[in-house]
Amino acid sequence: VRDACKAFSLKQKDHPENYANLLRNPQFEDLGNGPKDETAMADWKKSNFASWVFWCRNYGTCGVVKEGGSNVAFMDTTDNACFLQQVETEPHAKYIVRCRVKIENPSESDATISLRWRRPDGNWANCHDTKFYAPKAMKAGEWHVIEGFFAAPDNVGKMSLQLGTTACKGKVYFDDAELYKVE
């Protein structure tokens with residue numbers, strides 16, 4: 001996985017014009033009430049960001065802070081939550097995903113990028129989710145990058161890209177989300 005990510009990063013650096021970020025509002029700059037999506041689930045909540053929704057299992061909040069003059073997304077004190085965005089895909093298509101994360105309290109919180117899959121008819125696909133984790137040795141308040149390489153499974157039409165946590169005591173921050181299709 002690291003080799004694939006490193007090789008892609010070198011190609012992207014040399015020819016950024018060849019690689020379009022497939023995510024809408026990847027830097028969380030456009031504020032809004034999340035997407036108007038006919039496939040949205042009843043438990044998806046409005047986020048503070050255009051093109052992203054917020055989901056949490058039981059409790060938690062999300063918001064926006066300014067850092068260095070730009071917006072940064074955060075979720076606060078939640079048991080299981082994510083910002084998510086639906087992206088069209090094709091079976092077996094290959095992708096690189098990256099996002100910067102910062103955790104206030106890394107000994108009691110985590111950060112992940114997860115991918116869930118929908119069939120072409122819009123229903124959830126019966127296949128394993130794909131998940132990438134923040135480094136275990138994160139220091140409080142420092143930015144790190146989560147990245148991963150993956151291929152879409154058979155019989156899918158959309159992916160649900162989820163920037164999230166399964167344990168959050170304090171704030172977990174997300175910025176500069178990227179999703180690229182690779183050959």
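Do the conditions hold for Arg100, that is, is it surrounded by 16 or more Cβ atoms within 10 Å (Cβ to Cβ), at pLDDT 90 or above, under 19 Å from Phe49 (Cα atoms) and charged (D, E, K, R)? It would help to see each step written out before you state the result.
Values: surrounded by 16 or more Cβ atoms within 10 Å (Cβ to Cβ): yes; at pLDDT 90 or above: yes; under 19 Å from Phe49 (Cα atoms): yes; charged (D, E, K, R): yes.
When the stated conditions are applied, Arg100 passes them.
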(message) From the list Ala93, Ala42, exactly one residue is more than 14 Å from the chain's Cα centre (by Cα), aliphatic (A, V, I, L, M), at pLDDT below 85 and more than 16 Å from Asp176 (Cβ to Cβ). Which is it?
(response) Ala42
(message) I'd like to verify a number: residues in region 125-142 that are farther than 19 Å from Ile96 by Cα and either open to solvent by less than 80 Å² (accessible area, probe 1.4 Å) or in contact with a Cys (Cβ under 9 Å, 6 or more places away or on another chain) (or both), how many?
(response) 5
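Residues checked against (1) surrounded by 14 or more Cβ atoms within 10 Å (Cβ to Cβ); (2) at pLDDT 80 or above; (3) aliphatic (A, V, I, L, M):
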| position | (1), (2), (3) |
| --- | --- |
| Val1 | no, no, yes |
| Phe8 | yes, yes, no |
| Asp14 | no, yes, no |
| Glu17 | no, yes, no |
| Ala20 | no, yes, yes |
| Pro26 | yes, yes, no |
| Glu29 | no, yes, no |
| Gly34 | yes, no, no |
| Glu38 | no, no, no |
(message) What's the total number of residues in region 57-70 that are in a strand (DSSP E or B) and either open to solvent by 10 Å² or more (accessible area, probe 1.4 Å) or among the acidic types (Asp, Glu) (or both)?
(response) 7
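The values are calculated or read from the model by the stated rules, or taken from the named source; none is laboratory data. Just so we're clear, the structure is a prediction, and the values are computed from it rather than from any experiment. Cβ atoms come from the backbone with ideal geometry, glycine included; neighbour counts cover every protein chain shown. Ligands, DNA and RNA are excluded from the accessible area calculation, which covers all protein heavy atoms including side chains. Shrake-Rupley method; radii C 1.70, N 1.55, O 1.52, S 1.80 Å.
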